[in-house]
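See below for the structure under consideration.
The values are calculated or read from the model by the stated rules, or taken from the named source; none is laboratory data. Please read all numbers here as calculations on a predicted model, not as lab measurements. Cβ placement follows ideal geometry from the backbone for every residue including glycine, while neighbour counts extend to all protein chains displayed. What goes into the accessible areas is simple: the full protein's heavy atoms, side chains included, and nothing from ligands, DNA or RNA. Shrake-Rupley method; radii C 1.70, N 1.55, O 1.52, S 1.80 Å.
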Amino acid sequence: MPGDKSISHRSVMFGALAKGDTEISNFLRGADCLSTISCFRSMGVDIEEKGENVLVHGKGLRGLRRPDGILDCGNSGTTTRLISGILAAQDFDVTLTGDESIQKRPMKRIIDPLSLMGAEIESVRGNGCAPLHITGAPLHGISYSTPVASAQVKSAILLAGLYADGETRVTEPAPSRNHTELMLSSFGADVRTEGTTVTIRQAEELYGQKIQVPGDISSAAFFIAAGLLIPGSEILLKNVGVNPTRDGVLRVFRRMGGSIETTALSSGAGEPAADLLVKASRLHGVEIGGEEIPSLIDEIPVIAAAACFADGVTVIRDAAELKVKESNRIAAMTENLRAMGADVTETEDGMIIRGGRPLHGAVIDSRNDHRIAMTFAVAALAAEGETSIPQWDCVNISYPGFLEDLRKL
Ligand code: S3P
C-alpha cells in the first residue's frame, strides 16, 4: 500500500524542525504531501529525493525563514492546520492559503486556541477560513478543550506547544489519530497522553529520525470494501498501518460480517502495521457512531457505499464533521448513491442506508474530492452497468496509483 498520508505529512514537518537529517521511506507522493514539501522548501528547508526515499535536512526549531510569497497548501487541510501551529511561533509573518475547497474549510477551530496561546492569526476575509495571515509571536502554554475531535486541531496546538512557555494541554471529546504524539515523542519531544488529554512541554531541540511510513489504511479501505463486495474476491493487502486510532474501518467491516484476517503484524516507532487478507463476504447493516467515529472518519464514504450492498439498515451518526471535509461528504454520498439507485437518507450528522437494493451505473459528481471519487469506483464495480466519474484527477491527492492498482485486480 502507498504510504500513510497523515504520517507522510508529519515526517516532513517534524524533519524540517529537527536537528540533523530525517530519511523517509514509503513517503506518499500524493499532491497533499507534495504541498507540505513545497511549503517547507519555500521556508528554506532542503528536501531531497534520495532514490525511493525522501531526505529532509532539518533546520532546527528556529531555522525556518520567511517565504518570499504566499504559502500554498493546495487541497490539504493537514498542511494548512498543522503548519499554522508552527508559523504561530516563528519570528516572521506569512500568508497561507490553498485551493477553492481549502478556502471554505473552518479555520476558527485553530485560530481560537492559537490566539489564546498568544499568536496573531487573522482570517484575511474575516470569514474564519483561509487565506490566513499569521504573525509569529512568543507563545505561552494553555489548557484547552477542543469542541470537536480533530487530530489536525490537536496537532496545531501541540506544534505551537513545542515553542510555548511551560506546558500545553489539549483535551478532546473523543480520541483522534495520535500520529503527532507518537512521532513527536520519537523526535525527542516531551509528550504525554492520559485518556483524551495530551500534554506537551516546550522543546529545546528535535532530532532527525529514520521513518518507515506504513501503508495508508484509508487507501487500503477501498480495496477492503471492493474485496468484501465482489463475489469470489480474495485480496492480500500488505503493510497496512493499523494504529488503533485509525483502524475503525476494520472493526466496522468485521461487525458487518466481513472476513478480514490479520496475517502478519509488525511495528515501527509505535505505529503497528499488518498484512490483511480480505475475502468476499455477505454483509449486514450496523450502527456506527459515538467515539468510534474519529477512528474511521475518512473511511465513512466507502463504508456507506458498502452498506448499500449489505442486508438491512446501516445508521451512521455523530459524523457531522464529514460536512467540512474536502467536500460535504454527507451530501456528496447521499446524492451520488441515490443516483445509482440506493435508498439513502441524509441526516443532520450522518446517513441512514437501507441496503439490499441493486445499484446501477450513473454519472458521479465527485465534487473534486479524492475519497468520493475512489469510493464510487468501488461502488461501480459492484453495480450493474457503467459508471463514469468525470472529475477523476482528484484521486492524485492521496493515491496517485489507485487506478493502476485497481486494474491489477
Ligand atoms: C488528518 C486528520 C483528520 C482526517 C484528515 C487527516 C490528519 O482530520 O480527516 O484526512 O492527518 O491529522 P480531522 O483531524 O480534522 O478530523
Note to self: Given the options A332, T347, V313, identify the residue whose Cα lies farthest towards the positive end of the charge dipole of region 253-364 (+1 on Cβ of Lys, Arg; -1 on Cβ of Asp, Glu).
What the structure shows: V313
Margin query: Starting from the 7 Å offset along Cα-to-Cβ, what nm value, one decimal, do you get for the label separation of E122 and R29?
Written below: 4.0
Next item on the list: Determine the calculated [θ] at 222 nm for the chain from helices alone, applying -39500 (n - 2.57) to every DSSP H run no shorter than 4 residues and normalising by the residue count; nearest 500 deg cm²/dmol.
Entry: -9000 deg cm²/dmol
Next item on the list: Set the Förster radius R0 to 35 Å, insert the Cβ-Cβ distance between V315 and S38 as r into 1/(1 + (r/R0)^6), and round the FRET efficiency to 0.05.
Entry: 0.25
Notebook entry, point to check: Using 19 Å as the cut-off for backbone N distance, which residues of region 27-59 belong to the label zone defined by a point 7 Å from the Cα of A264 along Cα→Cβ?
Noted result: 27
Item checked: Added length on full extension, which subtracts the Cα-Cα distance from 0.36 nm per residue, D93 to L236 -> 46.7 nm
Next item on the list: Take the alpha carbon gyration tensor of region 13-77, find the square roots of its eigenvalues, order them as a ≥ b ≥ c, and report rounded if a/c is under 1.5; if not, report prolate when a/b exceeds b/c, else oblate.
Entry: oblate
Check: What number, in percent, do you get for the relative contact order of region 124-236 if the mean sequence gap of Cα pairs under 8 Å and at least 6 apart is divided by its residue count?
Finding: 20
Margin query: With the cut-off at 30 Å, tell me which of the pairs K238/K325; K210/K238; K59/K104 have Cα atoms farther apart than that.
Written below: K59/K104
Next item on the list: Compute the Cα gyration tensor for region 263-409, then decide on rounded, prolate or oblate, letting a ≥ b ≥ c be the square roots of its eigenvalues: rounded whenever a/c is under 1.5, prolate when a/b is larger than b/c in the other cases, and oblate in all that remain.
Entry: rounded
Next item on the list: Find how much the distance from E384 to A331 grows on full extension, using 0.36 nm per residue of separation minus their present alpha carbon separation; answer in nm with one decimal.
Entry: 16.8 nm
Item checked: Rounded accessible area per residue of the chain, 1.4 Å, Å² -> 37
Item checked: Rounded percent of accessible protein surface that carbon and sulfur make up, region 1-145, 1.4 Å probe -> 49
Check: Ranked highest first by average number of other Cβ atoms within 10 Å, how do 341-351, 110-120 line up?
Finding: 110-120, 341-351
Notebook entry, point to check: Expressed as a rounded percentage, what relative contact order does the chain have, with Cα pairs under 8 Å and six or more residues apart?
Noted result: 13
Item checked: Gaussian network model of the chain, springs between alpha carbon atoms under 10 Å - residue of T97, T263, T22 with greatest fluctuation -> T263
Notebook entry, point to check: For the chain, what proportion of DSSP beta bridges, expressed in % and rounded to the nearest 5, is antiparallel?
Noted result: 75
Check: Roughly how many debye, to the nearest 20, is the charge dipole of the chain about its Cα centre, given +1 on each Lys and Arg Cβ, -1 on each Asp and Glu Cβ, and no other charges?
Finding: 180
Check: If you take the square roots of the eigenvalues of the alpha-carbon gyration tensor of the chain and sort them as a ≥ b ≥ c, do you get rounded (a/c under 1.5), prolate (a/b over b/c) or oblate?
Finding: prolate
